[in-house]
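A.B. asks: The following block contains the structure, expressed as structure tokens.
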Amino acid sequence: LSYNTLDNFEEKTREVLRVIGVHTNVSRVYIFENSADGLSASNTYEWCNEFISPQIELLQNIPYEIIPSWKELLLANGIMFSDNISELPQDVRDVLEPQEIKSILIYPITVEGNFYGFIGFDECKRNKIWEKEELALLKTVSNVLSNSFERREYLERLKSSEIRLKMAIESANEALWDWNFQSGELYLNENWYKMSGYTSEELSGLSNLWYRFIDKEDLPNVIDNWNRHISGETEFYEQINRIVTKEGSKKWVITKGMVVKRDKDGNPLRAVGI
């Protein structure tokens, strides 16, 4: 399963728990995520084997202060496991025994180096001996999930940033462009179309917008300035020139932008501007 995008993240995560649960034949596999302040945790994903009662609805907003040994053991050792929960501290047993858990294995989930939550494996039918191979496998699974949750956090922050940027640009009545050199795709926001008088349908498939809209007298200077920027001679691209609207009138515009991504050889891959 690929976590490269946020698409179907919850479905993918539930499938990972199912596959691991079936493979190890444990009673229950689950994930807890910490609250924003880190003082409590909630069961957000759960897979249960046949004849095992779900616990997810009962395990929401559990304060760590009622089971202090849980967090202490987990962070001190990077793991908490027991073939027989009677060996664990009393505060931990008080939480596990009502769930009829006999053996348990817990690994922390970390995001950007911080304790984010944990993944757990319960056995309710027998005292399970955790083999070294199993511990290694499930540790790898916890690392994969840590990376996945970290990527989700990053992508959600990126999405929020892009939304805020879009709102700021739209409210400032700026015309945004985003040029992908690899695909040739050129994104233009609604303000750009308002400024030019064209619609997105009329410009669909056009990649040589330089030649279509820039006043012919200004075009040589624009191209020269642009080429100097994409070759790396200038840090930013800034240009004042005239464009020709759909009605044939001319407007003065100021364009500011820059190449934001290059390949290992320095060739431009993406540029954005207003």
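The values are calculated or read from the model by the stated rules, or taken from the named source; none is laboratory data. Since this is a predicted model, take the numbers as computed values, not measurements. Reconstructed Cβ throughout: ideal geometry from the backbone, glycine too, with neighbour counts over all protein chains shown. Each accessible area value is taken on the protein alone, full model and side chains, heavy atoms only, with ligands, DNA and RNA left out. Shrake-Rupley method; radii C 1.70, N 1.55, O 1.52, S 1.80 Å.
A.B. asks: Of these, 150, 97, which one is crowded, with 18+ Cβ neighbours inside 10 Å and among the acidic types (Asp, Glu)?
C.D. replies: After ruling out the rest, the residue left standing is 150.
A.B. asks: Still on this structure, I have one more. Would segment 192-211 turn up any residue that is of a type in the set (D, E, K, R) and in contact with a Pro (Cβ under 7 Å, 6 or more places away or on another chain)?
C.D. replies: No, the conditions are met nowhere in segment 192-211.
A.B. asks: Next up: Anything in segment 73-83 that is within 19 Å of residue 129 (Cβ to Cβ) and either modelled with pLDDT of 95 or more or open to solvent by 60 Å² or more (accessible area, probe 1.4 Å) (or both)? List them, or say none.
C.D. replies: 77, 81
A.B. asks: Which of the following residues is at pLDDT below 90 and buried (at least 19 other Cβ atoms within 10 Å of the Cβ): 3, 30?
C.D. replies: 3
A.B. asks: On the given criteria, is residue 42 surrounded by 14 or more Cβ atoms within 10 Å (Cβ to Cβ), within 21 Å of the chain's Cα centre (by Cα) and among the hydroxyl-bearing types (Ser, Thr, Tyr)?
C.D. replies: yes
A.B. asks: Among the residues of segment 108-160, count how many are under 22 Å from residue 49 (Cβ atoms), among the polar types (S, T, N, Q) and in a helix (DSSP H, G or I).
C.D. replies: 2
A.B. asks: Would you please name the residue that is surrounded by the most Cβ atoms within 10 Å (Cβ to Cβ), looking only at residues in segment 183-227 that are under 35 Å from the mean Cα position of the chain (by Cα) and modelled with pLDDT of 90 or more?
C.D. replies: Checked segment 183-227; the qualifying residue surrounded by the most Cβ atoms within 10 Å (Cβ to Cβ) is 226.
A.B. asks: If you don't mind, another one. If only one of 47, 70 is under 29 Å from residue 9 (Cα atoms), in contact with a Leu (Cβ under 6 Å, 6 or more places away or on another chain) and buried (at least 18 other Cβ atoms within 10 Å of the Cβ), which one is it?
C.D. replies: 47
A.B. asks: Oh, and also: From the residues in segment 243-266 that are of a type in the set (Gly, Ala, Ser) and under 16 Å from residue 233 (Cα atoms), which one is most open to solvent (accessible area, probe 1.4 Å)?
C.D. replies: 266
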